[in-house]
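Asker: This is the structure I want to talk about, given as structure tokens.
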Amino acid sequence: MRQPFAALITAATLSIQPAEAQETDLQPNHPYVGMWVTDDNRVRHELLPSGRYVEARGQRERAYEGRYEVDGTHIEYWDDTGFTADGDFVDANTLHHGGMILRRKPATP
């Protein structure tokens, strides 16, 4: 009686995969990976190559986190807390998002 139950638990355990583990295989093919900031540096979006983003607001370094997808010059965000947002890259160094203008921050060597 215990063997079938153990097999069922093992099968169920093997089929569960964390969502983050599935997303780490994503490698977005777009030129917008990196840090984007408002002119006052209050809002900072880091677009990671894994398809994840981290948004800082003021002193809150990890105010929002989630996944994103870029289609051409349009970006869609899915926050881990459940809300969604979007934006548009108007040129290689400017992102319009949620009424804000973010600019690409050059990578530091």
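Asker: Of all residues in region 72-109, which are without any contact (Cβ under 8 Å) to a residue 12 or more places away in the chain, outside any strand (DSSP E or B) and out of contact with any His (no Cβ under 9 Å at 6 or more places or on another chain)?
Answerer: First, pick out the residues of region 72-109 that are without any contact (Cβ under 8 Å) to a residue 12 or more places away in the chain: 72, 76, 82-84, 91, 93-94, 96, 99, 106, 108-109.
With outside any strand (DSSP E or B) added as a condition, the list becomes 72, 82-83, 93, 99, 106, 108-109.
G82, F83, N93, G99, P106, T108, P109 - these are the residues of region 72-109 that are without any contact (Cβ under 8 Å) to a residue 12 or more places away in the chain, outside any strand (DSSP E or B) and out of contact with any His (no Cβ under 9 Å at 6 or more places or on another chain).
Asker: Across region 28-56, what is the number of residues that are within 17 Å of H96 (Cβ to Cβ) and either in contact with a strand residue (DSSP E or B) (Cβ under 6 Å, 6 or more places away or on another chain) or touching a residue at least 12 places away in the same chain (Cβ under 8 Å) (or both)? Outline the logic, then answer.
Answerer: Initial filter on region 28-56 (within 17 Å of H96 (Cβ to Cβ)): 30-32, 34-40, 42-45, 47, 53, 55.
If we keep only those that are either in contact with a strand residue (DSSP E or B) (Cβ under 6 Å, 6 or more places away or on another chain) or touching a residue at least 12 places away in the same chain (Cβ under 8 Å) (or both) as well, we get 30-32, 34-39, 42-45, 47, 53, 55.
The total comes to 16.
Asker: Considering region 36-53 alone, what residues qualify as being over 16 Å from R104 (Cβ atoms) and open to solvent by less than 70 Å² (accessible area, probe 1.4 Å)?
Answerer: Within region 36-53, S50, G51, R52 qualify.
Asker: On to the next question. Anything in region 73-91 that is aliphatic (A, V, I, L, M) and either open to solvent by 60 Å² or more (accessible area, probe 1.4 Å) or in contact with a helix residue (DSSP H, G or I) (Cβ under 9 Å, 6 or more places away or on another chain) (or both)? List them, or say none.
Answerer: Passing the criteria: only V90.
Asker: I'm told V70 meets every condition in (1) surrounded by 12 or more Cβ atoms within 10 Å (Cβ to Cβ); (2) closer than 18 Å to R42 by Cα except one. Can you identify the failing condition by its number?
Answerer: Only one criterion is unmet by V70, namely (2).
The values are calculated or read from the model by the stated rules, or taken from the named source; none is laboratory data. Computed from a prediction, not measured in an experiment: that's the story for all the values here. Positions of Cβ are backbone-derived with ideal geometry, glycine not excepted, and every protein chain shown enters the neighbour counts. Ligands, DNA and RNA are excluded from the accessible area calculation, which covers all protein heavy atoms including side chains. Shrake-Rupley method; radii C 1.70, N 1.55, O 1.52, S 1.80 Å.
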